[in-house]
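The block underneath contains the structure these notes are about, expressed in structure tokens.
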Amino acid sequence: MRILTSLYYYRPHFSGLTVYTERLARSLAARGHDVTILTSRYDRDLASLESMNGVQVRRINVALTVSKGPLMPTIPYWAMRLIPKHDVVHLHVPQLDAAFFASMAKLFRKPIVLTYHCDLNLPPSPVNWLASQASHFANTISATLSDVVVTNTRDYAEESPFLQPFLGKLQVIPPPIEVSRVDANIVKELRSRWKIEDGQQIIGMAARLATEKGAQVLARALPQVLRRWPEARVIYAGQYQNVIGEEAYARRLQPLMDELGGHWLFAGSLSQDELAAFFSLCDLTVLPSLNSTESFGMVQVESMFLGTPVIASDLPGIRQPVQQTGMGQVFPPGDSRALADAIVDMLSSPGKYICESAVLTQRFGSAHVAEEYEVLFRRLLSGDKDS
């Protein structure tokens, strides 16, 4: 099959959405399909066209960025040029341009699959209000024209005001999860780099530093944890400087980080091999997301793949991996005290939260997820839209 995939940002940009799309595209290419990614050239140093892991990536020049959304005037040209050459159009939203893509795909009678990643929840401002309204309007057009709407969990879809009208065309496919094997040498190097002492309790968080990720909730919970575990530390893996649209949030957070001193370490972005070692070094990881801009949290399943339990916000979608696997606890979103209690409890009962790796792989592994999409695409190409 020839699959055209559209989204705002692709690698090397890092976010849950780009990681999802990259893993799926690479896995579909490995299964023999021709996959083209149409995305923004958000950094002018990036190539306009390149092949990455068997996937063709075409980047479109950005005229300007409104809130977090790039505006690309030549998108209509590329959509009309590429859609007729492909069998299936796969849209990832939120994305303003998805409405035009869906309209053109419908015109050319191409099956349309829309993967809805999350609701848009921007910080309050006049510009962001306008961006939210435009995005909602575009997403509504896209979902209406799509043949199938894919979400990570039905739990999230049933709670999403946007998705409720489209439950009749909903298909649940979990996000693709991949982890590297743990390299003992990398573990040793990270222990030295981060000055981890024997017996020290390590609380991990893996995310870009963004308002909705809830780093402040974990930071406010840590003093209570330290009263029980005085040597405990948080190691935060992920981009924490110059995150697009989050500069003001980082400045507001800095005084709180300063108060924690050596008990909080920003480790920066990690390679896949380093991330595997990071999860293996943690006693537990935390996903303290605050709102519906987080619909699942792939990093929590990555943590589980490495045998490390998770404490996650009790939000639609996000709570599902813990509830499905039994590998952790949930807590009320934004409640630092409840999070601290959960951390203390989990550190006090190591080995309690376990799930067999084969079960996790069968449910969430990239190869399995790519197969589910492949079956969906073939079904649509056969003309069966109701199975």
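The values are calculated or read from the model by the stated rules, or taken from the named source; none is laboratory data. From a predicted model like this one, the values you see are computed outputs, not experimental measurements. A quick note on method: Cβ atoms are made from the backbone with ideal geometry, for glycine too, and the neighbour counts reach across all protein chains shown.
Has segment 253-260 got at least one residue that is assigned to a loop (DSSP other than H, G, I, E, B), farther than 24 Å from residue 296 by Cβ and of a type in the set (A, V, I, L, M)?
No, segment 253-260 contains no residue that is assigned to a loop (DSSP other than H, G, I, E, B), farther than 24 Å from residue 296 by Cβ and of a type in the set (A, V, I, L, M).
Could you list all residues from segment 231-248 that are more than 14 Å from residue 207 (Cα to Cα) and at pLDDT below 90?
Correct list: 245, 247, 248.
Restricted to segment 76-101, and to residues that are charged (D, E, K, R) and more than 24 Å from residue 384 (Cα to Cα), which residue is surrounded by the fewest Cβ atoms within 10 Å (Cβ to Cβ)?
The selected residue is 81.
If we keep just the residues of segment 138-147 that are hydroxyl-bearing (Ser, Thr, Tyr) and buried (at least 16 other Cβ atoms within 10 Å of the Cβ), which is nearest to residue 99 (Cα to Cα)?
142
From the residues in segment 325-370 that are surrounded by fewer than 18 Cβ atoms within 10 Å (Cβ to Cβ) and of a type in the set (S, T, N, Q), which one is farthest from residue 228 (Cα to Cα)?
Selected residue: 362.
Every residue in segment 63-99 that is basic (Lys, Arg) and either assigned to a loop (DSSP other than H, G, I, E, B) or at positive phi (or both), please.
Correct list: 68 only.
Take the residues in segment 356-378 that are under 20 Å from the mean Cα position of the chain (by Cα) and of a type in the set (Val, Ile, Thr), then tell me which one is nearest to residue 175 (Cα to Cα).
Among those residues, the one meeting the criterion is 369.
Could you list, in sequence order, the residues of segment 79-101 that are at pLDDT 95 or above and of a type in the set (A, V, I, L, M, F, W, C)?
82, 83, 88, 89, 91
Residue under question is residue 54, and the condition is that it be touching a Phe, Trp or Tyr at 6+ places or on another chain (Cβ under 7 Å), touching a residue at least 12 places away in the same chain (Cβ under 8 Å) and not acidic (Asp, Glu); does it hold?
When the stated conditions are applied, residue 54 does not pass them.
Which ones in segment 248-290 are buried (at least 16 other Cβ atoms within 10 Å of the Cβ) and either among the polar types (S, T, N, Q) or not assigned by TED's automatic domain parsing to the domain that holds residue 343 (or both)?
Correct list: 280, 285, 289.
Could you check segment 148-215 for strands (runs of 3 or more DSSP E) lying wholly inside it with 1 or more residues that are on the phi < 0 side of the Ramachandran plot and surrounded by fewer than 16 Cβ atoms within 10 Å (Cβ to Cβ)?
170-172
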